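A short write-up of the structure that comes next.
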Amino acid sequence: MTEVPWDLRRRALKDSIRHDKRVKEAIRQNLKELIAEENIITAEGKKLVKIPLRYLDQYRFRFGEMGSGTGQGKGHVGEVIARDGERNEGSEQPGDQPGEQVYEAEIAVEELAHMMLEDLALPWLEDKEAQQITTHTYDFDDVRRKGSMAHLDKKRTLLENLKRHAAHKEPKVGAFRDADLRFKVWSAHEEYHSNAAVYLLMDRSGSMTTEKKYIAKSFFFWLVRFLRLKYQTVDMLFIAHDTEAQVVPEQDFFTISNNGGTMCSSAYRIALEHIQQTHPHARWNNYVFHFSDGDNWHDDNSHCRALVTQLLDHTTMVGYGEIRYQDEASFYGGAHAYNSSWSTLHQELSTIPHQRFMTVAIKQKADVYQALQTFLARNEAGGVSSGLVNVALRTG
Amino acid sequence: MESLRFLEIRELAQRSGLDFFDVIFEVVPQDIMSEIAAYGLPTRARHWSYGKVYIRQRVHGQMGLSKIYEIVLNNDPGYAFLLDTNSEVANLLVAAHVYGHSDFFKQNVYFSPTNRNMVNVAVEHALRIDEYIDRYGLDRVERLMDIAFAIDRHIDVHKGLVRKPYPTRQVVERERRTQTYADIFGEEDFALTKVVVGDTIPPHPEKDLLWFLVQYAPIEPWERDVLEIIREESYYFHPQFETKILNEGWATYWHAEILHQYAKLSPSETIDFGVLHAGVVNPGHPMSVNPYYLGYRMLVDVERRTDQLYKAGKSAISGREKLFEIRTQENDISFLQNYLTQELVEELGLFAYGHACEHGPQGQKRCQKCGELTIQSRRLEDVVYSLVAPRYNYGAPRIVIANVNDGSLWLEHEPTDLGPLDLKYAEKTLEYLHELWKRPVRLKTFNGQRETTALTYSASGMQIGK
């Protein structure tokens with residue numbers, strides 16, 4: 001019976017750190033699929049989310065879903081004992097059957113949002129003449145010999161130490177003196193921000209099924225996250241509509257239920273009125289994003305066209321997203337995603353010849369990512385590239 | 001720890017007929033236990049995948065979901081690791097269990113080709129891999145190891161670890177009988193024929209994919225070495241894969257037997273032992289059978305049945321002797337096929353389960369039943385089949401290298417009833433092979449409708465053809 005100083009032999013910690021790194025890479029490569037992952041969207045307030053990582057498997061030749069095995073207990077032949085996905089719960093037998101374990105990675109919501117949204121920006125953002133607001137940001141931009149230890153510049157300190165020893169013809173690191181220490185110093189900068197207001201319009205009519213609404217909401221979820229992450233403050237206005245539109249508070253917007261017919265023009269009208277009253281285009285970058293299944297009253301389409309055309313005069317950009325899929329199977333990435341033609345609403349709207357009117361179609365979950373990429377591509381207005389937008393946050 | 005009691009356990013084990021290697025016991029904390037369990041050996045070439053298992057293991061251990069009392073290595077001398085929080089009676093049970101395993105390692109015929117110095121060899125491997133990481137970078141070495149692990153179950157246990165290269169091309173003269181069976185009648189007549197050997201590579205379908213690639217892929221010497229390292233470790237672990245139920249059943253049978261014989265347990269220790277033993281032989285999850293439990297119950301059952309025959313004069317050997325014979329000769333597949341009975345299946349309530357839908361799990365078609373698993377059968381042959389099916393061929397599909405055609409590597413997947421390959425995984429694995437082979441790689445396989453399909457991976461990606 002012996003006891004060995006085991007700490008000298010640890011390898012697993014190194015390998016688990018390496019594994020973590022690969023998990024992050026895998027997440028990065030699979031943002032498309034993750035973007036509509038339910039447990040992220042519903043992570044409300046939680047700091048960490050769990051992501052099922054089917055893709056961090058080690059690849060090898062293996063059988064397709066066999067779905068068979070040996071069990072024990074009561075039950076007659078033919079009795080259903082489980083549905084897919086329940087099988088491994090509580091099972092502690094390690095890997096007799098390859099590839100059955102789904103690994104769950106834990107990651108901070110913030111970190112995930114960063115990965116998702118790092119390449120996005122509000123397009124064509126302009127500096128508006130009036131109402132430019134100054135805020136202060138802080139940068140480490142100087143080095144001094146005195147300072148708080150919390151701001152110790154380790155790299156420079158090491159270099160100074162080395163230089164001092166080298167000057168005595170003994171290049172080494174060690175025997176630190178106060179003279180070696182270097183501290184980072186910050187200074188405040190003034191930053192100028194352009195104003196932006198974002199209008200989030202969502203169809204909540206009867207034809208927007210739970211799944212469709214879920215898609216619209218996941219888009220808006222990331223949009224809101226993105227705006228809060230990248231821009232200090234942005235004016236956001238949430239508008240839900242069926243045949244009538246109304247401005248709703250943010251929390252209601254994400255929990256809204258559906259009923260009624262559809263008249264998209266109602267939402268456009270409210271947005272337009274609000275813009276004219278509160279956010280004149282001369283001083284504001286206005287963005288309108290609308291999600292619908294396009295199942296609009298036929299008569300209403302021409303109104304929509306007129307209103308969107310008008311909106312374009314008052315906004316920096318209008319984005320229209322149409323959710324089109326037939327059934328859940330194709331939606332969740334089945335082999336043949338449903339490929340219908342565009343709705344009549346879209347046909348009407350698409351006659352608007354304007355560079356800053358954009359449409360996307362969402363046929364499956366992964367398209368939400370594409371929609372974000374399309375609407376929030378880095379298109380910069382001539383000569384202006386202020387990264388930050390200001391304005392007090394307000395909902396409804 | 002009173003080592004006297006340990007020696008008594010050891011003596012009981014020897015007196016019962018167990019023949020094991022010397023075993024060195026080491027007491028380790030839970031973290032280290034998780035680490036050894038993740039790597040399978042105390043020091044082994046590093047790879048991120050062990051880190052993945054380690055973290056899961058450690059979290060489970062910390063939350064009390066699973067506890068590893070002991071790990072024992074197939075090595076001479078054997079090494080056994082005991083958890084530092086084990087009670088003394090737990091350690092006595094574990095010691096008896098460990099002697100059971102070590103006896104199995106030493107005596108079971110499937111373990112005879114394994115390297116009994118693997119603990120040291122693995123350290124050597126780890127050092128070499130570390131050296132390559134220093135020289136060529138972690139990313140490159142890791143990628144190569146990913147590739148090697150992807151095919152490390154495709155070995156050929158009959159040809160073995162150490163092999164001669166294929167014969168080079170030459171014409172040899174072979175004697176051949178002109179008439180089959182003529183020798184039986186004493187009328188032998190030989191003819192000389194000239195045969196070309198070593199004309200094609202491989203000369204026969206090759207099962208050992210890593211060996212073939214080490215020999216013939218256009219890769220650098222250090223890359224060959226990495227592949228060889230992983231291949232060698234795979235051969236070492238193969239017998240443990242194919243004897244899981246029997247090996248665990250055997251060790252469990254012996255810890256129960258030895259501790260029953262051991263007279264020096266206090267009453268409270270006897271109760272603790274009972275609790276621990278019950279934990280080891282718990283039946284497990286309704287949808288996966290605990291190998292300790294199944295193996296143990298089968299051995300007890302065989303012993304009882306053989307003893308009955310022995311008493312009735314219908315068996316030349318006693319139940320205990322029968323068990324020793326089984327531990328020498330069988331692996332899980334033969335053990336299950338030869339010794340599981342309908343009566344025991346019923347007693348244990350075993351069943352085979354699967355998908356209920358008629359069109360099978362493959363293909364585009366979906367129905368409501370697709371997502372449901374139902375009890376399919378409680379008949380002996382179906383239950384045995386469901387138990388042995390995942391144990392064939394190291395749990396991997398049978399894939400061989402059929403030939404090298406104009407520089408491309410042609411693989412063939414031998415059809416079995418286990419169904420078609422996971423296409424996404426096959427694509428990734430072919431991509432790996434292509435990376436080593438550097439020319440197109442083709443795999444002949446079949447789809448859900450059992451039609452032949454050919455997956456070809458070249459520089460432009462994978463193509464699926466007929």
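Hey, can you tell me all the residues within region A:347-378 that are of a type in the set (Val, Ile, Thr), assigned to a strand (DSSP E or B) and under 21 Å from A:Leu311 (Cα atoms)?
Hits for region A:347-378 are A:Thr359, A:Val360.
If you take the residues of region A:108-140 that are open to solvent by 70 Å² or more (accessible area, probe 1.4 Å) and among the aromatic types (Phe, Trp, Tyr), which of them is modelled with the highest pLDDT?
By that ranking, first place goes to A:Phe140.
For B:Arg297, indicate whether it is touching a helix residue (DSSP H, G or I) at 6+ places or on another chain (Cβ under 9 Å), touching a residue at least 40 places away in the same chain (Cβ under 8 Å) and within 30 Å of B:Ser377 (Cα to Cα).
yes
Tell me which residues, restricted to region B:228-282, are charged (D, E, K, R), farther than 30 Å from B:Asp152 by Cβ and modelled with pLDDT of 95 or more.
Once the filter is applied, which keeps residues that are charged (D, E, K, R), farther than 30 Å from B:Asp152 by Cβ and modelled with pLDDT of 95 or more, region B:228-282 yields only B:Glu257.
Inside region B:188-263, counting only helices (runs of 4 or more DSSP H) that do not spill past its ends, which hold 3 or more residues that are of a type in the set (Gly, Ala, Ser)?
Of the helices (runs of 4 or more DSSP H) lying wholly inside region B:188-263, those with at least 3 residues that are of a type in the set (Gly, Ala, Ser) span B:244-261.
Could you grab me the full set of residues in region B:103-137 that are hydroxyl-bearing (Ser, Thr, Tyr), under 17 Å from the mean Cα position of the chain (by Cα) and open to solvent by less than 50 Å² (accessible area, probe 1.4 Å)?
Answer for region B:103-137, where residues must be hydroxyl-bearing (Ser, Thr, Tyr), under 17 Å from the mean Cα position of the chain (by Cα) and open to solvent by less than 50 Å² (accessible area, probe 1.4 Å): just B:Thr114.
In region B:30-63, how many residues are more than 7 Å from chain A (Cβ to nearest Cβ) and open to solvent by 40 Å² or more (accessible area, probe 1.4 Å)?
Residues that pass the stated criteria total 10.
Across region B:168-205, which residue is surrounded by the most Cβ atoms within 10 Å (Cβ to Cβ) among those that are over 43 Å from the mean Cα position of the chain (by Cα) and among the aliphatic types (A, V, I, L, M)?
Taking the candidates together, the pick is B:Ala182.
What are the residues in region B:301-353 that are free of Cβ contacts under 8 Å to residues at least 24 places away in the same chain and β-branched (Val, Ile, Thr), if any?
Within region B:301-353, B:Thr306, B:Ile317 qualify.
With respect to the numbered conditions (1) open to solvent by 20 Å² or more (accessible area, probe 1.4 Å); (2) at the interface with chain A (Cβ under 8 Å from one of its Cβ atoms), which one is the sole condition not fulfilled by B:Arg15?
With (1) open to solvent by 20 Å² or more (accessible area, probe 1.4 Å); (2) at the interface with chain A (Cβ under 8 Å from one of its Cβ atoms) applied to B:Arg15, the lone miss is (2).
Within region B:138-167, take every residue that is within 13 Å of another protein chain (Cβ to nearest Cβ) and farther than 28 Å from B:Phe241 by Cβ and give me the one that is surrounded by the fewest Cβ atoms within 10 Å (Cβ to Cβ).
Only one residue tops the list, namely B:Asp139.
Is there a residue being within 21 Å of B:Pro203 (Cα to Cα), part of a helix (DSSP H, G or I) and more than 8 Å from chain A (Cβ to nearest Cβ) anywhere in region B:413-432?
Checked region B:413-432: no residue is within 21 Å of B:Pro203 (Cα to Cα), part of a helix (DSSP H, G or I) and more than 8 Å from chain A (Cβ to nearest Cβ).
Report yes if B:Pro390 is at the interface with chain A (Cβ under 8 Å from one of its Cβ atoms), open to solvent by 20 Å² or more (accessible area, probe 1.4 Å), under 24 Å from the mean Cα position of the chain (by Cα) and under 30 Å from B:Leu294 (Cα atoms), otherwise no.
yes
For B:Gly78, only one of the following conditions fails: (1) surrounded by fewer than 20 Cβ atoms within 10 Å (Cβ to Cβ); (2) among the small types (Gly, Ala, Ser); (3) over 17 Å from B:Arg5 (Cα atoms). What is its number?
So the condition that B:Gly78 fails would be (1).
The values are calculated or read from the model by the stated rules, or taken from the named source; none is laboratory data. Bear in mind that the values here come from a model prediction, so they are computed numbers and not experimental data. We place every Cβ from the backbone using ideal geometry, glycine too, and count neighbours over all the protein chains shown. When the accessible area is computed, the model is the full protein with side chains, heavy atoms only, and any ligands, DNA or RNA have been set aside. Shrake-Rupley method; radii C 1.70, N 1.55, O 1.52, S 1.80 Å.
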